[in-house]
Amino acid sequence: MQIFVTGGAGFIGSNLVRLLIEQGHSVLNFDKLTYAGNRNSVSDLESNPNHRFVIGDLCDADVVGKTIEQFKPTWIMHLAAESHVDRSIDGPSQFIQTNIVGTFNLLNAAKSYWQSTESVRHQFRFLHVSTDEVYGSLGADGLFSEETRYDPHSPYAASKASSDHLARAWHDTYGLPVIVSNCSNNYGPYQFPEKLIPVVILKCLRNETIPIYGKGENVRDWLFVQDHCEALLQIVRDGHPGETYNIGGNNELRNIDLVNSLCELMDEMHPRADGKPYADQITFVSDRPGHDLRYAIDATKIKEKLGWQPKQDRVSGFRKTVQWYLDNQSWWKNILSGGYQLERQGNG
């Protein structure tokens, strides 16, 4: 297949691009290379004939349209998004532009291409990748299903909810074969070091305090990124247009329990020089505004309809992740130093 992937230099996107190429597909990787886009995350694919990298902005409708027309994709897998909640609180404007306007431009370009290209019309799919944060917050019980009412609480969640509605509207109004997926919190290789799990690992390695919001009682369902990518491929290949599929890790943890587990793994895999536990570095900070208490996904539909379920559990997935950050220190050090941004400027 010819697959147009947006955000393919980001965390989930780079893992997805690698999986697609391993499966024998041809990928056009369309990424703006914002602060979270890192070309080093796909540097091993630079010479691969099935990987084409295009630096482009979804907010530039002309570039989006021309690139799609030239590449002639069978599938579009839309992952590009501003995704960090704290950044959305401090500067929501970019989230509106990228997540809403960018999605609108991509849907419009996809519609024009789909309507005018008979050769791929019966195979064409547009997969819009979203988040469980659009559903709001759960109490101590219950799970988010595909029918859960939207109730976003942060600018990030609101912008993703808006893009979800646009994607479904282009299916219902124009017949564009759109599928929507909503996933729980991802973790794994190549995650930008501002998210919780890499923050904890790198704070351990740098002997810095490990900050936890509030009392650490917020609960998230953790999904290993490679499991998520396999689910996305299965959805775009076998899912039905107009449908939504929730993707979860079956791995609920309070933040404090997650952090303690990571510290214990670090104690085992990379002990402190002084022999003390990394948990001694934990400190509690003021809670984030509008911090949702609990997210949890009901992934029954994708399991029953498409046969997907996560392969990694809380032990194997987190161990793989810690090991990756230990083995790839040059990757994250280049980000913390800002060197990757200079390389990005050099790449145009």
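The values are calculated or read from the model by the stated rules, or taken from the named source; none is laboratory data. As the structure is a computational prediction, the values presented were derived from the model and not from experiment. Using ideal geometry, Cβ is built from the backbone for each residue, glycine included, and neighbour counts are taken over all protein chains shown. All accessible areas refer to the heavy atoms of the entire protein, side chains included, with ligands and DNA or RNA removed. Shrake-Rupley method; radii C 1.70, N 1.55, O 1.52, S 1.80 Å.
First check a/c for the stretch 279-338, with a ≥ b ≥ c the square roots of the eigenvalues of its C-alpha gyration tensor; if it is under 1.5, answer rounded, and if not, answer prolate when a/b is larger than b/c or oblate otherwise. Note, shape of the stretch 279-338 comes out oblate.
Short-range pairs are left out: with C-alpha atoms under 8 Å and at least six residues apart, the relative contact order of the stretch 168-261 is 42 percent.
Remark on Phe144: its backbone amide H falls under 5 Å from those of Ala296, Ile297, Asp298, a criterion applied only to residues 5 or more positions apart or on other chains, H modelled at 1.01 Å from N. Solvent-accessible area of Asp141, all protein chains in place: 130 Å² (probe radius 1.4 Å, heavy atoms, ligands and nucleic acids excluded). Per residue, the accessible area of the stretch 217-315 comes to 46 Å², computed with a 1.4 Å probe over protein heavy atoms only. In a shell of Cβ-Cβ distance under 14 Å around Glu252, excluding Glu252 itself, what net charge do Lys and Arg (+1) and Asp and Glu (-1) give? The answer is -4. Each of Trp324, Cys263, Leu306 was scored by the projection of its Cα onto the charge dipole of the stretch 231-336, and the greatest displacement toward the positive side belongs to Leu306; charges sit on the C-beta of Lys, Arg, Asp and Glu. A viscosity of 1.002 mPa s and a temperature of 20 °C, combined with the Kirkwood radius over Cα pairs in Stokes-Einstein, give a translational diffusion coefficient for the stretch 103-162 of 154 µm²/s. Where only DSSP H runs of four or more residues are counted, the chain gives -12000 deg cm²/dmol as its mean residue ellipticity at 222 nm, each run worth -39500 (n - 2.57).
Residues in the stretch 16-30 carry Karplus couplings, in order, of 5, 4, 4, 5, 4, 5, 4, 7, x, 8, 9, 10, 9, 9, 9 Hz; the curve used is 6.51 cos²θ - 1.76 cosθ + 1.60 with θ = phi - 60°, and Gly or Pro positions show x.
Taking the chain as a Gaussian network of alpha-carbon nodes connected by springs under 10 Å, the highest mean-square fluctuation of the residues Tyr150, Tyr325, Tyr174 belongs to Tyr174.
DSSP beta bridges confined to the chain are antiparallel in about 10 percent of cases. A DSSP coil position with no more than 16 other Cβ atoms inside 10 Å describes the following trypsin sites (Lys or Arg not before Pro) in the stretch 243-348: Arg272, Lys311. What the Kirkwood sum gives for the stretch 1-136 is a hydrodynamic radius of 15.2 Å, with every pair of different alpha carbons counted.
Taking amide H as placed 1.01 Å from N in the peptide plane, the amide H of Asn50 sits under 5 Å from none that are at least 5 places away or on another chain.
Based on protein heavy atoms only, the stretch 106-166 ends up with 41 Å² per residue of surface accessible to a 1.4 Å probe. Each Lys and Arg adds +1 at its Cβ and each Asp and Glu adds -1 at its Cβ; summed about the Cα centre, the stretch 129-190 shows a dipole of about 180 debye. Can you give me the relative contact order of the chain as a percent, contacts being Cα pairs under 8 Å and 6 or more apart? That works out to 18 percent.
Under a 1.4 Å probe, what is the accessible area of the stretch 44-105 per residue, stated in Å²?
Dividing the accessible area of the stretch 44-105 by its residue count gives 45 Å².
What a 1.4 Å probe finds exposed on the chain is 47% carbon and sulfur by accessible area, rounded to a whole percent. The charge dipole of the chain, taken about its Cα centre with unit charges on the Cβ atoms of Lys, Arg (+1), Asp and Glu (-1) only, comes to about 540 debye.
With contacts taken as Cα pairs under 8 Å at a separation of at least 6 residues, the stretch 41-104 carries a relative contact order of 34 percent.
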